[in-house]
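Report on the structure given below.
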Amino acid sequence: MPHIRPISDLRNNFADISKIVHETAEPVFLTKNGYGDMVVMSIEAYERKLFASEIYFKLKEAELEALSTSVRYTHEEVFAGLRKNLAAKVNEDNV
């Protein structure tokens, strides 16, 4: 169940709101005059949401790429390319 609080609680009960967002890892929705105004969440929850959003974006990008081309790679080909690039980078850094 979402935590919904009036925006005045941010000023009057900040410690309580902070405790809720850190213990539950869920956001607290703040209302102003009965309407949604802001969302407060812990940094950890925000970073998880950002990471999930970034992963979703990358997966969507990959899906669109897959639809636009018939080229496919096996995991052996992908890892061989990664190893080659990594070795080249290590050699470049050592020069």
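The values are calculated or read from the model by the stated rules, or taken from the named source; none is laboratory data. Since the structure is predicted, the reported quantities are computational estimates derived from the model, not experimental observations. Neighbour counts are summed over all protein chains in view; Cβ atoms, including those assigned to glycine, are modelled from backbone coordinates with ideal geometry.
A Cβ distance below 8 Å, combined with a sequence gap of six or more or placement on separate chains, defines the contacts here; from the range 36-60, residues that are free of Cβ contacts under 8 Å to residues at least 40 places away in the same chain reach residues that are of a type in the set (D, E, K, R) and assigned to a helix (DSSP H, G or I) in the pairs M41/K49.
For the range 1-17, the set of residues classified as in contact (Cβ under 8 Å) with a residue 24 or more places away in the chain, surrounded by 14 or more Cβ atoms within 10 Å (Cβ to Cβ) and not aliphatic (A, V, I, L, M) consists of H3, R5, P6, listed by residue number. Restricting the range 12-31 to residues that are in a helix (DSSP H, G or I) and touching a strand residue (DSSP E or B) at 6+ places or on another chain (Cβ under 8 Å) leaves a set whose member that is farthest from R48 (Cα to Cα) is I17. Would you check if L67 is at pLDDT 95 or above and not basic (K, R)? Spelling it out, it is not the case that L67 is at pLDDT 95 or above and not basic (K, R).
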